[in-house]
Amino acid sequence: MGKISLNDPMIEEVSQLFQALADPSRLKILRALLDAGEPMSQGTLAETAGLSQANASKHLIQLVNAGLVTREPRGNLVLFRPVLPLVTEVCDLVCTFVARRITCTYQAIV
């Protein structure tokens with residue numbers, strides 16, 4: 001695959017994606033969705049992530065707007081699911097980087 005040029009509009013889009021990932025509550029929602037392996041309702045996500053309904057709603061809107069989560073209306077219920085493989089790959093990449101950084105920092109201290 002060729003390298004994609006980061007023009008100004010692309011930089012804005014990438015920035016919005018990283019902003020969506022920059023909040024611990026949103027990361028907890030993504031972790032809950034990935035761990036569940038199936039779509040989840042807002043109420044279940046709020047409970048699993050330890051958030052209030054209102055807080056979960058606010059963060060889910062941001063994740064949907066960033067393209068990291070899809071919203072699926074089902075009658076009176078709305079289910080959310082992570083956009084795969086994007087969310088899994090980004091989380092794996094960042095978590096691997098953080099784990100290596102922590103290991104290097106620890107080794108430098110001892």
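The values are calculated or read from the model by the stated rules, or taken from the named source; none is laboratory data. Because the structure is predicted, anything quoted here is derived from the model rather than measured. In this analysis, Cβ positions are derived from the backbone assuming ideal geometry, glycine residues included, and neighbour counts consider all displayed protein chains.
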- Query: Scanning for something at pLDDT 95 or above, in contact with a Lys or Arg (Cβ under 6 Å, 6 or more places away or on another chain) and in a helix (DSSP H, G or I), does segment 24-46 turn up at least one residue?
  - Reply: no
- Tell me which residues, restricted to segment 53-87, are among the basic types (Lys, Arg) and closer than 18 Å to Asp35 by Cα. Arg71, Arg81
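Taking only segment 78-110 into account, find how many residues are part of a strand (DSSP E or B) and over 14 Å from the mean Cα position of the chain (by Cα). Even if it seems obvious, please write down each step before you answer.
First, the residues of segment 78-110 that are part of a strand (DSSP E or B): 78-82.
If we keep only those that are over 14 Å from the mean Cα position of the chain (by Cα) as well, we get 78-79.
Qualifying residue count, segment 78-110: 2.
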- Check Leu63, Leu51 and return the single one that is touching a helix residue (DSSP H, G or I) at 6+ places or on another chain (Cβ under 7 Å), of a type outside the set (Gly, Ala, Ser) and part of a helix (DSSP H, G or I). Leu63
- Out of (1) loosely packed, with under 15 Cβ neighbours inside 10 Å; (2) touching a Phe, Trp or Tyr at 6+ places or on another chain (Cβ under 7 Å); (3) aliphatic (A, V, I, L, M), the odd one out for Leu60 is which? (1)
- Going by the conditions given, is Gly75 under 10 Å from the mean Cα position of the chain (by Cα), surrounded by fewer than 15 Cβ atoms within 10 Å (Cβ to Cβ) and on the phi > 0 side of the Ramachandran plot? no
